[in-house]
1. Once Lys and Arg get +1 and Asp and Glu get -1 on their Cβ, which of I228, H296, I104 lies farthest toward the positive end of the dipole of the chain?
2. Over all pairs of distinct alpha carbons, what does the Kirkwood formula give as the hydrodynamic radius of the range 127-225, in Å?
3. Suppose every Lys and Arg Cβ carries +1 and every Asp and Glu Cβ carries -1, with no other charges. What dipole size does the range 131-179 come out with about its Cα centre, to the nearest 20 debye?
4. Output wanted: per-residue J couplings in Hz (rounded whole) for the range 171-188, from phi through Karplus 6.51 cos²θ - 1.76 cosθ + 1.60, θ = phi - 60°, x for Gly and Pro.
5. Taking Cα pairs under 8 Å and at least six residues apart, what relative contact order does the range 127-225 come out at, in percent?
6. Three principal axis extents, largest first, for the C-alpha atoms of the chain, in Å?
7. Step through the residues of the range 323-334 one at a time and calculate ³J(HN,Hα) from phi using the Karplus curve (6.51 cos²θ - 1.76 cosθ + 1.60, θ = phi - 60°), rounding each to whole Hz and writing x for Gly and Pro.
8. With charges only on Cβ, +1 for K and R and -1 for D and E, what is the dipole size of the range 168-264 about its Cα centre, in debye, rounded to 20?
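Rule-based calculations on the coordinates, nothing more; no lab input. For clarity, every value in this text was computed on a predicted model and none was experimentally measured. Every residue, glycine as well, gets a Cβ built from its backbone with ideal geometry; the counts of neighbours run over all protein chains shown.
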Amino acid sequence: MSAFSLAFGAPPSRRGFGRILVGGGLAASAGFARTAIAATPLKFTLDWRLEGPAALFLTALDKGYFREEGLDVTIEPGTGSREAIPRVATGEFEVGFGDVNSLIRFRDEKPTIDLKAVMMVYDRPPFAIVGRKSRGISSDPRSLEGKKLGAPAADGAFAQWPVFKKINGIDDAKIKLENVGFPVREPMLASGELDAIFGFAHTSLINLKARGVPADDIVTLLMADHGIELYGNAVIVSPKLLAEKPQAVRGLLRAITRSVRDVVADPEAAIAGVLQRNEGARPGIELERLKMALDHYVMTPTVKAHGFGGIDKARWQKGLDQIGLTFSFKDKAKAGNAFAEGFLPAEAERAF
C-alpha cells in the first residue's frame, strides 16, 4: 500500500464502490420488499472521499432508514464541498452535501436556478488554515504574513479567504499564494515546501499527523474561531425534487436525522460503514476524523441547546453580511433565500 493511500484513504475499489451503488441493498431484507417496489430513487453526492464524516449518511443506508422512508438512495464520493453544488444544480444528482456559502454565491450568479439547502449538518464550518510552528505559523492569523500558502482553487476553505483576511486585518500582499492540487496539499506542507495550507480542519490536520508530522508542530487556525460567522455544509436538494416530491425530501431528512443520532451515540460502530467501502482507510484515523467533525461542527453548543438541522436567522444574516464584504451581490435577498426549513422533522425529533 502506498504512502498516499495510507494518508488519504484509497479511492473505493470497484468492489467497494459497487456496494455504494446498490443503495439500500446493504440493509434490505424481506421486511422492506414491499417498500422497495415503489421506492423513489435518489442519487446523493458527498462533499469528499469516503472518510470518517461520511458515516453520518452511510449509517442511514446500512440500517435501512432510507428504505423505510420509501427511498432508494445511492451515495457517491465527492470532489469538494463546492463541487456538490453544480452536481445537484445540473440534475446529475438529486441530493448533495456541500458548502452553503458557495450555494449562496451560486444562487446570485445563476438566479434562475432555485437551488436550496434543506438541512444544516455542519453548524460550524470546518474551514481552516493549517500550518506548522516550525515554519513560523502561530495562533495569530497575522503570522501568515510573509509566508507561502497553498490552496486548491476549488477548496471550500480557500473560498472564504477574502472574508477571513479582511476581518483579521491580514495584508495578503505579504503572502505568496500557490495553487496546488488536493492530492499534494498535505505532502507539500509536510515536506516544508509550504508554510500553511487551506482545507477542512478534520482533513488536513489528521492527514498531516498520518504523514508523520508531529502534532505539536501543527497549528490549526479554524476560521470560526477568528471571526467567521458562516455556517458550513448542508444537505442540498434539486429544485425538481423539492417541487415534485416534497414528501421524499421530508423522508430523506427524517432518515438522516436518525442516522446522525446513531453516529453521535456510537461513532465506533458507525465507522464500520466507511471502512467496508474504503479498503485503504485506517480505522483509527477515520474514527478520529469522524469524532473531530462531530465535536467541532455537528454537536455544537447551539445544536445541543436548540436541536439539529436548522439555522438561526440572525446568524444567517450576519453570514450574508460577511459574504457581502468581499462579494458584490446582484440580489442579496434572493441569493440569501437559500435555506428551506419547512422540510425538517419536528423539533422534538431533532433534539439531541
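1. The residue sitting most towards the positive pole is I104.
2. 13.0 Å
3. I would put it at about 200 debye.
4. 8, 6, 5, 8, 10, 9, 9, 10, 7, 10, x, 4, x, 9, 4, 5, x, 5
5. 47 percent
6. Reported extents, whole Å, longest axis first: 63, 50, 36.
7. My calculation for the range 323-334 gives 4, x, 5, 10, 10, 8, 5, 7, 8, 4, 5, 5 Hz in order.
8. With only Lys, Arg, Asp and Glu charged at Cβ, the dipole is about 800 debye.
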